[in-house]
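The values are calculated or read from the model by the stated rules, or taken from the named source; none is laboratory data. Predicted model, so just to flag it, every value in this text is computed and none were measured. Backbone-built Cβ (ideal geometry, glycine too); neighbour counts: all protein chains shown. Remember, those area values only see protein heavy atoms, side chains included, never the ligands or the DNA or RNA. Shrake-Rupley method; radii C 1.70, N 1.55, O 1.52, S 1.80 Å.
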Amino acid sequence: MDDYTKGRKVVIFGLPGAFTPTCSNKQLPGFVEKIDELRAKNVAAVACVSVNDFFVMGAWGKLQNAAGKVDMIADGSALFAKAMGLELDLTAHGMGLRSQRYALIAEDGVVKWLAVEPDTGLSVSSVESVLAQL
Ligand code: BEZ
């Protein structure tokens with residue numbers, strides 16, 4: 001992530017899991033659809049991070065037509081989620097350790113804005129919310 005954010009402005013959003021309903025029907029498609037609006041605001045790259053392995057992230061990105069628009073990043077062992085203090089324990093739901101839903105704007109390695117969803121829905125970490133901050 002240090003390399004990914006170095007010398008440029010990037011948007012990173014995290015979510016509880018590939019193929020889950022809100023992530024698949026709203027959050028990821030929003031960023032894919034509005035990639036040109038993000039780029040027009042000087043965003044060099046957009047990354048979707050989830051606690052899934054890279055095979056799952058690859059298959060999900062293919063299905064969502066994310067190639068060339070949103071970088072699908074596998075945080076397979078939840079190391080990034082833990083480093084951010086944004087892990088989410090969904091063990092009771094049979095999903096193990098995951099990530100909270102959030103979005104952030106980083107510039108040259110520094111997080112300039114971070115929004116974490118207060119519950120399971122999508123509001124502050126939507127593409128519309130990010131665009132409003134750029
Ligand atoms: C979702 O719809 O994004 C979701 C569903 C179950 C668990 C986590 C996320």
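Computed values, structure above
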read-out	value
Matching residues in the range 27-44 - criterion: being farther than 11 Å from residue 131 by Cβ, touching a residue at least 40 places away in the same chain (Cβ under 8 Å) and surrounded by 14 or more Cβ atoms within 10 Å (Cβ to Cβ)	27, 28
Residue list for the range 14-24, restricted to those being open to solvent by 10 Å² or more (accessible area, probe 1.4 Å) and within 8 Å of the ligand (Cβ to nearest atom)	16, 20, 21, 22, 24
Subset of the range 51-77 [under 13 Å from the mean Cα position of the chain (by Cα) and farther than 16 Å from residue 27 by Cα]	52, 74, 75
Residues satisfying the stated conditions in the range 70-81, i.e. open to solvent by 60 Å² or more (accessible area, probe 1.4 Å) and out of contact with any strand residue (DSSP E or B) (no Cβ under 8 Å at 6 or more places or on another chain)	77, 79
When residues of the range 96-116 are limited to those that are over 12 Å from the mean Cα position of the chain (by Cα) and not in a strand (DSSP E or B), the one farthest from residue 79 (Cα to Cα)	108
Criterion (open to solvent by 60 Å² or more (accessible area, probe 1.4 Å), of a type in the set (Gly, Ala, Ser) and away from the ligand (no atom under 14 Å from the Cβ)) met by exactly one of 92, 115, 67	67
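Residue-wise test of (1) within 13 Å of the ligand (Cβ to nearest atom); (2) in a helix (DSSP H, G or I); (3) of a type outside the set (A, V, I, L, M).
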residue: 29; (1), (2), (3): yes, yes, yes
residue: 32; (1), (2), (3): no, yes, no
residue: 42; (1), (2), (3): no, no, yes
residue: 60; (1), (2), (3): yes, yes, yes
residue: 82; (1), (2), (3): no, yes, yes
